[in-house]
Amino acid sequence: MTESNTMDNTFSDHVAAELPYLRRYARALTGSQGRGDKYAVATLDVILRDRSTVEEAPTIKEGLFRCFHAIWVTSGRQLSIEDEVDGLVRKAQDHLAALTTNAREVLLLKTIEGFTREEIGRIIEADDTEVSQLLDIAIAEIAASSSGAVMIIEDEPIIAADLEDIVTDLGHRVTGVARTRTEAVALGKADKPSLILADIQLADNSSGIDAVNDLLEGLDVPVVFITAFPERLLTGDRPEPAFLISKPFKVDQVRSAVSQALFFSTTETLHNS
């Protein structure tokens, strides 16, 4: 293998390693796995033709997101959806169109993807003051537009208590905490939630994914997965959640995901393969 081929393979490997996070971001930004993946594919197509934007960035991840945003902006931040799509997805896109330009992007980049304000500025081509203002605007707009009842599926008592505190501090009501799939289904029937926060691995070795699928047979509510095993959901082999947070989580990550999930009232059901 030539040195050139080795460098090409190394670059491709680094991009591939960051791609699941770009797809996660794109899904949360557009409110749809399908639309998000279209933007991710378009980003890869551009990089295949000219990878200088990614190579010149301080990190591969930052360059990848900057390339994505160049496409996102030049496409007019397309939020329109097919005529046959309605319900939660259409409501989500209507809400998206009402938000201040770049505010949602900044919030997601900061709280979900973990970029610094300086990195965000380079990604969206804005100065630090503008990034700070957009972050404040996003938090205020979303917090003012969402409230509801939140169900927590989590088998670790300390983590569950932390999540309860975060949720109640945001002004939402916690319907209860379920430690197993059976408890989750029973709780969901007893007190219908507006949002579900779910771990994957539960106390009796049952699956939080199965619990969510059971619940979504009778509910149409958004879901935020908070898990130490994000790779189980970032496979690309089946529909994936728009909101996925890795453990150990940060309070800002949960606050952002909860507020946005309730605000946009959209979810994509996980189906077992």
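Any read-out appearing in this document is the output of simple, stated calculations on the displayed coordinates, not a laboratory observation. The model shown is predicted, which means the values in this text are computed figures rather than measured ones. When we count neighbours, we look across all protein chains shown, and the Cβ atoms used for this are built from the backbone with ideal geometry, even at glycine.
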If packing is taken as the mean number of other Cβ atoms within 10 Å per residue, what is the order of 223-229, 166-172, highest first? 223-229, 166-172
Could you calculate, for segment 175-234, the ratio of the Cα radius of gyration to the Kirkwood radius, expressed as Rg to Rh? 0.93
Going down the table (110/192; 61/250; 38/250; 110/247; 192/247), which pairs top 22 Å between alpha carbons? 110/192; 38/250; 192/247
Quick query: amide H of residue 176 versus all other amide H atoms, modeled in the peptide plane; which residues come in under 5 Å with a sequence gap of 5 or more or a different chain? 152
Reach of residue 189 by Cα under 27 Å, taken over lysines that are not fewer than 8 positions away in the same chain: 91
